[in-house]
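In what follows, a single structure is set out as structure tokens and then discussed.
Taken together, the values in this text are just the output of simple stated rules run on the coordinates, not laboratory data. These numbers were taken from a predicted model, which means no experiment stands behind them. Using ideal geometry, Cβ is built from the backbone for each residue, glycine included, and neighbour counts are taken over all protein chains shown.
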Amino acid sequence: LSARVGSIGDNRLGGWTAYRMSKAALNMLVRTMAIEQARTAPDSVVALHPGTVSTALSRPFTGRVPESQLFTPRMAAIRLLAVLDRLLPEQTGGFFAHDGARMTRDLHGTSPPPARVPVSAVIQLRV
């Protein structure tokens with residue numbers, strides 16, 4: 001799991017230096033692992049941003065998060081599984097958000113995954 005704050009292109013606020021650096025490093029690791037993995041197997045290796053998940057860690061930072069964008073851990077997991085279900089091998093090395101969108105100026109720069117099944121449909125099936 002990564003986070004939007006690890007996206008260099010999406011950094012508009014600054015701050016959280018150590019956390020941003022750790023997530024940016026994770027994103028580089030994912031990209032490198034994707035290249036290495038492609039040499040021996042066509043599996044997809046991706047970084048995923050779960051959105052803002054309501055946990056003890058995020059509680060101090062959720063005051064400005066709209067209720068519709070604050071997810072329970074269960075809902076975040078369901079949404080990420082839906083994203084993984086739609087990925088194609090050629091999208092390996094990408095950085096995807098909980099809604100399936102490719103993160104801004106991510107690791108790879110290609111288009112988002114085609115929708116085989118809408119995230120909302122998968123959520124309804126698994127809830």
Subtracting the Cα-Cα distance of V65 and R12 from 0.36 nm times their residue separation yields 17.4 nm
Among trypsin sites (Lys or Arg not before Pro) in the range 1-59, those in a DSSP loop whose Cβ has at most 12 other Cβ atoms within 10 Å are R12, R39
Could I have the simple spin-label model distance between A101 and T32, label points 7 Å from Cα toward Cβ, reported in nm to one decimal? 3.0 nm
Can you compute 3J(HN,Hα) from phi for each residue in the range 70-85, using the Karplus curve 6.51 cos²θ - 1.76 cosθ + 1.60 with θ = phi - 60°, rounded to whole Hz and x for Gly and Pro? 10, 9, 6, x, 4, 5, 4, 5, 4, 5, 5, 4, 5, 5, 4, 5
